[in-house]
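Remarks on the structure that follows.
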Amino acid sequence: MASILGVQTIQHTNGTSAATIDSTGRILTPARPAFRGTKSYTATDFTTETDITSYTEDFDIGGAFDATAGTYTVPLTGIYQINVQQFGNANFSNADQTRLRLAIDGTVNDFDEVYDDPQAGQSSSMTIAQTKSLTSGQVLKVSFFVSNDSSVAARFVFSGFLVG
């Protein structure tokens, strides 16, 4: 015969709520690290690799996102979903190429950078969406590059969360 364990809240021994189970069976963990920062359209000379800083913080569960520096320091070892988006309006008139990068501890691997050819005046939009195994203390940072056009405007979203 099957046993049934009826529980709505799981507590840590110190009394804090570690998890709740809602009426549909969804398990909610209140302290799961997650962050999101946005940067409004900024007209900048991106003709040298430029670190994206000064985000507006939308949320930062766990306190690991430094919106001013534009860095996320991994608080817990685990699997994370990391997302980076760049949007550029139709002012890339001289740009031959744009490049968006996600660096982990200052290193960019082949799967953490994307390129676009905005075709003389077209807009530029790129996305990096990766599920990554990250270690506590690693630092993530976004950078952007535009060839041959020093007056483009772009906006950015940098976000992520611990999957488990």
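Observations on the model:
- When region 2-30 is filtered for residues that are assigned to a strand (DSSP E or B) and more than 28 Å from the chain's Cα centre (by Cα), the ones remaining, listed by number, are Thr9, Ile10, Gln11.
- Residue within region 9-30 that is open to solvent by less than 60 Å² (accessible area, probe 1.4 Å) and touching a residue at least 60 places away in the same chain (Cβ under 8 Å) present: no
- As a summary of the residue check, Gln85 satisfies the conditions (1) within 23 Å of Ala31 (Cβ to Cβ); (2) crowded, with 17+ Cβ neighbours inside 10 Å except for the one numbered (1).
- Pairs are defined by a Cβ separation below 6 Å, a sequence spacing of at least 6 or placement on different chains, a first member in region 125-139 that is in contact (Cβ under 8 Å) with a residue 60 or more places away in the chain, and a second member that is open to solvent by 70 Å² or more (accessible area, probe 1.4 Å) and of a type in the set (Asp, Glu); the pairs so defined are Gln138/Asp105; Val139/Asp105.
- Residue within region 98-110 that is surrounded by 13 or more Cβ atoms within 10 Å (Cβ to Cβ), among the hydroxyl-bearing types (Ser, Thr, Tyr) and modelled with pLDDT of 95 or more present: no
- Options Ala154, Ala129; residue that is open to solvent by 20 Å² or more (accessible area, probe 1.4 Å) and either among the charged types (D, E, K, R) or modelled with pLDDT of 85 or more (or both): Ala129
- Residue in region 15-32 that is among the hydroxyl-bearing types (Ser, Thr, Tyr) and either in contact with a helix residue (DSSP H, G or I) (Cβ under 6 Å, 6 or more places away or on another chain) or at pLDDT 95 or above (or both) present: no
- Single unsatisfied condition, Asn148 versus (1) open to solvent by 70 Å² or more (accessible area, probe 1.4 Å); (2) farther than 22 Å from Val74 by Cβ; (3) among the polar types (S, T, N, Q); (4) free of Cβ contacts under 8 Å to residues at least 40 places away in the same chain: (4)
- Verdict on Thr53 being at pLDDT 90 or above, hydroxyl-bearing (Ser, Thr, Tyr) and either closer than 22 Å to Asp105 by Cβ or in contact with a Cys (Cβ under 8 Å, 6 or more places away or on another chain) (or both): yes
- Checking each residue in region 31-54 for being more than 18 Å from the chain's Cα centre (by Cα) and open to solvent by less than 60 Å² (accessible area, probe 1.4 Å) picks out Thr42, Thr44, Phe46, Thr47.
The values are calculated or read from the model by the stated rules, or taken from the named source; none is laboratory data. No experiment lies behind these values; they were computed from the predicted model shown. Neighbour counts run over all protein chains shown; Cβ positions are idealised from the backbone, glycine included. For the accessible areas, the whole protein counts, side chains as well, though only heavy atoms, and no ligand, DNA or RNA atoms are used. Shrake-Rupley method; radii C 1.70, N 1.55, O 1.52, S 1.80 Å.
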